[in-house]
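Undergrad: Right, I'll just put the structure down here and ask away after.
The values are calculated or read from the model by the stated rules, or taken from the named source; none is laboratory data. Because the structure is predicted, anything quoted here is derived from the model rather than measured. Glycine also receives a Cβ, built like all others from the backbone with ideal geometry; neighbour counts cover every protein chain displayed. Areas reflect the complete protein model, heavy atoms only, side chains present, ligands, DNA and RNA absent. Shrake-Rupley method; radii C 1.70, N 1.55, O 1.52, S 1.80 Å.
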Amino acid sequence: GVRLLLHGLCSNTTVKSLDLKGNNLRSLGAEALGKLLRQNKSIRSLTLEWNSLGMWEEGFSFFCQGLRANNVLQRLDLRNNQINHQGAGELAMALTHNTSLQELDLRWNNIGLLGGRALLNCLHSNKTLKRLELAGNNVPGDILKAVEQALDHNQDREVILSEAQNQVNILSKEVLSLKDEKNKQFMDYVDTVDKQKEERARSEKMSAARVSQLQEALDEQYSIMNSLKTKLQMTEAALALSEQKVRNLGELLNAMKQEQNCVTECHVRELQQQKQEGADREGRLLHDLSAASEKNLLLRNQVDELERKCKVQQDQLFQVKQDLTNTTAELKLRAVEAEERLEMEKRRYKQSLEDMESLRIKEVGRLTQHMEASERSMHNRIQSLEAIRISLEEELSQVKAAALTERGQAEEELIKVRSQTRLEEQQRLEHLEEKLRLMTESRDEAQNCCLKQKEMVAEAQAKAKQLSLYADGLRRRLDELQQDLDSKEEEKVTELNKVKLELQEQIGHLEAERTAQDGLKEKIAALERQLKALSSNHREALLDKEGEISLLLEKLRMKEAEISRVREEEAQRASFLQNAIMAYVQGSPLGTHICRK
């Protein structure tokens, strides 16, 4: 029945949770579950309590292979399934490759010490598991604590990754908003330039039409000589004013060019400063990383020294044990010889027996003193090892604090760089707006001058109508004046062309500045990417260091447990030896003789 049900669920895409507790699933059911986990992509929660899956090793191995290939399941309940240490090892192998499981309940099984170690080792490669229940599995307390620490480390890692992702999203949104604002500003600027060009073209057409009308009026009316003199004087004054304005515009253009050159030089200097600052920051970060690596090497060397000391102590303990066994063998041999001698020479050598007993008592006292001295030396060594462990823990805490301070400094530097770039962009925008305002003011002044000239021309036409009688005698003078006017008009046209060329050059410079700004933006984005990469590498290095520190702490705890166990074993052996010696002394004929005395 389970096989048919699970075969139907393999292609299902709507079921999210499956509860099969207390269904007496056997090896075939476990194999069907493994197939389901390989093929199904929708089940998030699976409950298999009270099914004794651990009794069927082949079926449970198929189930673990399916869990290894699954990337959708988030919660798995395997309580009361009689899973032993071999099943726990297979589960650990599956968890090393699984990237989706977040909760695993293994309470009330038979995992034991080996299974607990296998699960603890798999947590070093699995970074997604957040909750692991191991109550009622005869797992030692130190392994449970290490598992809790690894799970807390996974949770902290997920929190850090989520924060980093949020920061990246915020920065990308800010960059997109800045790009949109810059594009809008550039499009507005282009629209204003196009409008100005259209207005200038219209004004040029209107001026050309009016000039043609004036020429026709001059051809028709030759009697305006005196008025033409006054007109010539007025036009000469207007020309002088226009020349002065043209000169002023040229000076303004030169000043604008100088300002543009200064701005470009400032940009180049700022880029060089930013490059130097980036190189300095990279050097600092490399120096900090080298210092952290040196500290890690020192810590590793200290751990190696501790391991060597522990090995030396173990060798010394082994030698002490051998000495004790040798002394006990010697005592037994001496006791046998003494008994034989006593049996052969009881009556003759009572005094020698008493001397031998005194010698034995002295040797026993000497052995007890030697044992007490060795125990004291062991206590002293254990105290020194505990002091070394405390100093190592303090150094680890200092390293963590230094890493946190370095992280805060890096974040502050990022904030400063962003604020500086924003201020520089605001200043550049204000400078461009001032330039546009000056250009509009100059355009307005030119339009006012054109209007004044039009008014003067209208007044001249009115005076020409009144003085049309004087045109007959002064045709030659008019021709000469017309030639002069043509030459001056040609000069005006050339000057206007020069002004147009200068304006086009200014527009080209502005476009070059815009391209330079785009290049600066790209460089800023590249610098931000480099900073993000450095911060991510730094965070990964911190996480690796924290993992190494946790491993060192676990090793220290295991060594302390071994030392305490060795101490207890030696104390028990010493007490056993003392009891045996006392029992031997009391049970021997010498002991009975002493008791009788």
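Undergrad: What do you get for the angle between helix 85-97 and the principal long axis of the chain? Use alpha-carbon atoms, 0 to 90 degrees, nearest ten.
TA: 10
Undergrad: Could you pull out the pairs from Lys205/Lys492; Lys257/Lys500; Lys127/Lys400; Lys173/Lys523; Lys21/Lys145; Lys145/Lys532 whose alpha carbons sit more than 26 Å apart here?
TA: Lys21/Lys145; Lys145/Lys532
Undergrad: Within the chain, what whole-number % of the accessible surface is contributed by carbon and sulfur, with the 1.4 Å probe and all protein chains included in the calculation?
TA: 54
Undergrad: Counting DSSP beta bridges with both partners in the chain, what percentage is antiparallel, nearest 5?
TA: 0
Undergrad: Another question, if that's okay. With a sphere of radius 12 Å drawn around the Cβ of Arg567, what net charge do the other residues whose Cβ falls strictly inside it have (Lys, Arg +1; Asp, Glu -1)?
TA: Neighbourhood net charge equals -3.
Undergrad: Based on Cβ point charges of +1 for Lys and Arg and -1 for Asp and Glu, what charge dipole magnitude is obtained for the chain about its Cα centre, in debye rounded to the nearest 20?
TA: With only Lys, Arg, Asp and Glu charged at Cβ, the dipole is about 2240 debye.
Undergrad: Turning to a different aspect of this structure: Highest first, please rank the peptides 48-55, 524-531 by the mean number of other Cβ atoms sitting within 10 Å of their residues.
TA: The densest-packed peptide leads the list: 48-55, 524-531.
Undergrad: Also, quick follow-up: Mind ranking Ile143, Ile563 by accessible surface for me, highest first, 1.4 Å probe? Before the final figure, lay out the partial values.
TA: Values: Ile143 10, Ile563 40 Å².
Final ranking, largest accessible area leading: Ile563, Ile143.
Undergrad: Do the sum for the chain: with -39,500 (n - 2.57) for every DSSP H run of n ≥ 4, divided by all residues, what is the mean residue ellipticity at 222 nm, to the nearest 500 deg cm²/dmol?
TA: After summing the helix terms and dividing by the residues of the chain, the value is -31000 deg cm²/dmol.
Undergrad: In degrees from 0 to 90, rounded to the nearest 10, what is the angle of the helix 350-466 Cα long axis to the longest principal axis of the chain?
TA: 10
Undergrad: Follow-up. Calculate, for segment 156-306, the solvent-accessible area per residue in square angstrom, rolling a 1.4 angstrom probe over the heavy atoms of the protein chains.
TA: Value for segment 156-306: 72 Å² per residue.
Undergrad: Once the Cβ-Cβ distance between Arg557 and Val15 is put in as r, and R0 is 45 Å, what FRET efficiency do you end up with, to the nearest 0.05? Show your work: numbers first, answer last.
TA: Numbers: r = 44 Å, r/R0 = 0.98.
About 0.55, to the nearest 0.05.
Undergrad: Just name one of Leu429, Ser419, Leu396: the one whose Cα is farthest towards the positive end of the charge dipole of segment 390-433 (beta-carbon charges, Lys/Arg +1, Asp/Glu -1).
TA: It is Leu429.
Undergrad: Provide the per residue accessible area, probe 1.4 Å, for segment 1-139, rounded to a whole number of square angstrom.
TA: Ligands and nucleic acids excluded, the result is 47 Å² per residue.
Undergrad: Once both axes come from the Cα atoms, what is the angle between helix 112-122 and the longest principal axis of the chain, in degrees from 0 to 90, rounded to 10?
TA: So the inclination is approximately 20 degrees.
Undergrad: Principal axis lengths of the chain from Cα atoms, whole Å, largest first?
TA: Its Cα atoms span 185, 71, 23 Å along the three principal axes.
Undergrad: Output the direction-averaged projected area (hull surface divided by four) of the convex hull of the alpha-carbon atoms of segment 1-139, in nm².
TA: Numbers: hull surface 27.2 nm².
Across all orientations, segment 1-139 yields a mean hull projection of 6.8 nm².
Undergrad: Of Lys195/Lys488; Lys275/Lys521; Lys182/Lys435; Lys295/Lys559, which sit over 24 Å apart, Cα to Cα?
TA: Violating the 24 Å Cα-Cα cut-off are Lys195/Lys488.
Undergrad: Report the local net charge at Lys145: Lys and Arg +1, Asp and Glu -1, summed over other residues whose C-beta lies under 12 Å from its C-beta.
TA: Local charge sum for Lys145: -3.
Undergrad: While we're looking at this one, here's another question. Note down the net charge around Ala69, summing +1 for each Lys or Arg and -1 for each Asp or Glu among other residues with Cβ under 13 Å from its Cβ.
TA: That works out to +4.
Undergrad: Also, quick follow-up: Hey, if we sort Ile581, Ile83 by accessible area with the 1.4 Å probe, largest down, what's the order?
TA: Of Ile581, Ile83, the descending order of accessible area is Ile581, Ile83.
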